[in-house]
1. Using the number of other C-beta atoms within 10 angstrom as an exposure proxy, rank Asp153, Asp85 with the fewest first.
2. So what's the stretch 26-159 giving for Rg/Rh, alpha carbon basis, Kirkwood Rh from the mean inverse pair distance?
3. Could you tell me whether the stretch 42-104 comes out rounded, prolate or oblate from its Cα gyration tensor? Rule is a ≥ b ≥ c as square roots of the eigenvalues, rounded for a/c under 1.5, then prolate if a/b exceeds b/c, otherwise oblate.
4. Return a whole-number percent for the relative contact order of the stretch 29-155, with Cα pairs under 8 Å and 6 or more residues apart as the contact set.
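Derivation of every value follows stated rules applied to the coordinates shown; laboratory data play no part. In this text the structure is predicted, and so the values were computed from the model without any measurement. As a convention, Cβ positions derive from the backbone with ideal geometry for all residues, glycine included, and neighbour counts pool all protein chains shown.
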Amino acid sequence: MSLPRVRAPRALIALVLWPGLLLAQRTDPGPLSDARRGIDRGNAEYIAAFARADADGVATVYDADGVRLGDDGKVLRGRGAIAGDLRAFVQAVGPVTVTLATTGVWLVDDLAYETGDWSYTFTPKGKPQQPVGGKYVAIWVRQADGGWKIKSDLAVPGT
């Protein structure tokens, strides 16, 4: 006994179209792509400002109420405090070569959660070059102008 000829083409069409229907149901990557572009821009500004030993420039990547959590437990709140702390650092070490490698971004409403690997290379006055690095978590917040700024970040201790 054989199947009616009409059913075979329908089954074949269903098998061919099924993956396309699943792909069509994906969520729109637009908002995540927008966040990722904003994070990439912010990270580029962060890297460039450290290369200039520009503490104020680094601090502008943070939200006005941003928080920087040091691996030593120090909590810095606001751009002024962040800039002051970074100013003391770059005065001691000069320009810093920064590498940031984003490994993941998740978007929840107007917050983007970024994880990645970081490294700083610098030469303290009178000392040999020092490389440091590890893993980080940064929370970015969408600004009223559509841009993205760091709401809080931390270097993950022990990495």
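1. Working: Asp153 20, Asp85 15.
Neighbour counts put them in this order, fewest first: Asp85, Asp153.
2. Working: Rg = 14.9 Å, Rh = 15.2 Å.
Here Rg/Rh amounts to 0.98.
3. On the way: a/c = 1.37, a/b = 1.08, b/c = 1.27.
The shape class here is rounded.
4. Numbers: 250 pairs, mean separation 31.5, N = 127.
Here the relative contact order equals 25 percent.
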